[in-house]
Structure formats: structure tokens, C-alpha cells
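Visitor: Here's a structure for you.
The values are calculated or read from the model by the stated rules, or taken from the named source; none is laboratory data. In this text the structure is predicted, and so the values were computed from the model without any measurement. Note that we place each Cβ from the backbone using ideal geometry, even for glycine, and neighbour counts take in every protein chain shown. SASA here: full protein model, heavy atoms, side chains in, ligands and nucleic acids out. Shrake-Rupley method; radii C 1.70, N 1.55, O 1.52, S 1.80 Å.
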Amino acid sequence: GVDLSVANLSGANLSGVDLYGADLSGANLSGANLSRADLSEAILSGANLSEANLSRAYLSEANLSGAKNYLQNHSFFIQLIRNNSNGFTKKQKEVASMIFAFKLCWKSIRKEYKTYATQIFKKLAELGWDEYEKYWITDKD
């Protein structure tokens, strides 16, 4: 439950740290190592996640609204799917899991799962997570 709102944690090594319920709203977490960190119920609204390592981070019930620069974070992606699982079909969840599990590059996603990925990114955009859809539309790999 620590208050780290608007803290500059750029490049910090927070691997395995217990940040359960922490307020990280507006924090700069760019390049931070948050692997295996417990971020459950943490507030990440407005946090900058550019190049942050969230591999195996526990994000259950974390407030992710308004987080920025999350595009390359596969852990963040799958948590968004989990948090909004009722809005996705079984096949879309399967494709999202494959995208996550294999950390596929955009070119591979486009080749193998174009229709489903388009639907997934569109739904995430409708929920306020538009970085994926914007990149999907503009990237030509």
C-alpha cells in the first residue's frame, strides 16, 4: 500500500518486490524491472510503462486505467484480456493467449491471426486501451 505516485522509478530494479496495493499512479516506470513483482491491486493509472519488464509480474485486479506506453508489454496485454474476459470470444482468448505465450512479433501476428487480432485490438480500444489498435493500423512491418 505504499504511495509511489508520480515517483521517478525509471530503470529501477523492483524484481520480486511486494507492491501489493501500491499507488503508482503517474509514476515513471520506464525501463524498470518489475519481473515477478506483486502488483496485485496496485494503482498504475497514468504510469509510464515504456520498456518496463513485467514478465511474470502479478497484476491481478490492478488498476491499469490510463497507463501509457504499454504496447510491448506482453504481461500487460494478457492482464487486460483477463480483466475484460467477458468481452472476448473463446477463440479471441485463445489467440490472445498465443500472442502472449509466444511473444509473437507483429509480423507473425498479422500472418497467422489477422482477423482475430484485429477484433481483439478493436475491443481493447473500445475499453480505452488504444495503443494496440493504433499500432496495428499504422505498422506495416
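Visitor: Note down, for the stretch 19-88, the three equivalent ellipsoid semi-axes (square root of 5 times each alpha carbon gyration tensor eigenvalue), biggest first, whole angstrom. Don't skip to the end; give the middle numbers.
Guide: Details: eigenvalues 54, 33, 29 Å².
Square roots of five times the eigenvalues give 16, 13, 12 Å.
Visitor: Now for a separate question. To two decimal places, what compactness ratio does the stretch 61-110 give when its Cα radius of gyration is scaled by 2.2 N^0.38 Å?
Guide: On the way: Rg = 11.2 Å, N = 50, 2.2 N^0.38 = 9.7 Å.
Against the empirical 2.2 N^0.38 Å value, I get 1.15 for the stretch 61-110.
Visitor: Using θ = phi - 60° and the Karplus form 6.51 cos²θ - 1.76 cosθ + 1.60, what ³J(HN,Hα) does each residue of the stretch 26-32 get, whole Hz, x for Gly and Pro?
Guide: Whole-Hz 3J(HN,Hα) from phi for the stretch 26-32: x, 6, 8, 10, 4, x, 6.
Visitor: For the chain, what is the accessible area per residue in Å², given a 1.4 Å probe and the full set of protein chains?
Guide: On the way: 7410 Å² over 141 residues.
Accessible area per residue, the chain: 53 Å².
Visitor: If you plug each phi of the stretch 40-50 into the Karplus form 6.51 cos²θ - 1.76 cosθ + 1.60 with θ = phi - 60°, what whole-Hz ³J(HN,Hα) values come out, in order, with x for Gly and Pro?
Guide: 5, 6, 6, 9, 10, 4, x, 6, 8, 9, 4
Visitor: Using modelled amide H (1.01 Å from N, peptide plane; none on Pro or chain starts), what sits under 5 Å from the amide H of Asp18, excluding residues fewer than 5 places away?
Guide: Asp38
Visitor: Using the crude model of +1 on Lys and Arg Cβ and -1 on Asp and Glu Cβ, and no other charge, please compute the dipole size for the stretch 24-102 relative to its Cα centre, in debye to 20. Display every interim value, and only then the final one.
Guide: Working: 7 positive and 5 negative charges, 55 e Å.
The calculated dipole for the stretch 24-102 is roughly 260 debye.
Visitor: Post the alpha-carbon centroid distance, the stretch 93-119 to the stretch 42-59, in whole angstrom.
Guide: 21
Visitor: Contact order normalised by length for the stretch 40-141, with contacts defined as Cα pairs under 8 Å and 6 or more residues apart; what percent is it? Please list the in-between numbers first.
Guide: Working: 122 pairs, mean separation 21.5, N = 102.
Contact order relative to length: 21 percent.
Visitor: Among Ile81, Ala37, Ala27, which residue has its Cα positioned farthest towards the positive end of the charge dipole of the stretch 11-124, with +1 placed on the Cβ of Lys and Arg, -1 on the Cβ of Asp and Glu, and the dipole taken about the Cα centre?
Guide: The listed residue farthest towards the positive side: Ile81.
Visitor: At 222 nm, what helix-only mean residue ellipticity would the chain give, in deg cm²/dmol to the nearest 500, using -39500 (n - 2.57) for each DSSP H run of four or more?
Guide: On the way: 4 runs with 52 residues, N = 141.
My calculation for the chain gives -11500 deg cm²/dmol from helical runs alone.
Visitor: A further question follows. With the dipole of the chain worked out from charges on the C-beta (+1 for Lys and Arg, -1 for Asp and Glu) around the Cα centre, which of Ser50, Ile109, Gly128 lies farthest toward the positive end?
Guide: Among Ser50, Ile109, Gly128, the one farthest towards the positive end of the dipole of the chain is Ile109.
Visitor: Could you give the Stokes-Einstein D for the chain in µm² per second, using the C-alpha Kirkwood radius, 10 °C, 1.306 mPa s?
Guide: Numbers: Rh = 15.2 Å.
D, rounded to a whole number, is 105 µm²/s.
Visitor: Given +1 on the Cβ of Lys and Arg, -1 on the Cβ of Asp and Glu, and no further charges, what dipole in debye does the chain carry about its Cα centre, rounded to the nearest 20? Before the final figure, lay out each step's value.
Guide: Working: 16 positive and 15 negative charges, 167 e Å.
The calculation lands at about 800 debye.
Visitor: Could you work out how far apart the two model spin labels at Thr138 and Lys91 are, taking each label as a point 7 Å from the Cα in the direction of the beta carbon, and quote it in nm?
Guide: 3.0
Visitor: Counting only protein heavy atoms and using a 1.4 Å probe, what share of the accessible area of the chain belongs to carbon plus sulfur, as a whole percent? Intermediate results must be reported in sequence, preceding the final value.
Guide: Numbers: 3540 of 7410 Å².
It is 48 percent, rounded to a whole number.
Visitor: If you don't mind, there's one more thing I want to ask. Show me, for the stretch 77-85, the HN-Hα J-couplings you get by feeding each phi into the Karplus relation (A = 6.51, B = -1.76, C = 1.60, θ = phi - 60°), rounded to Hz, glycine and proline as x.
Guide: 4, 5, 5, 4, 5, 4, 5, 10, 4
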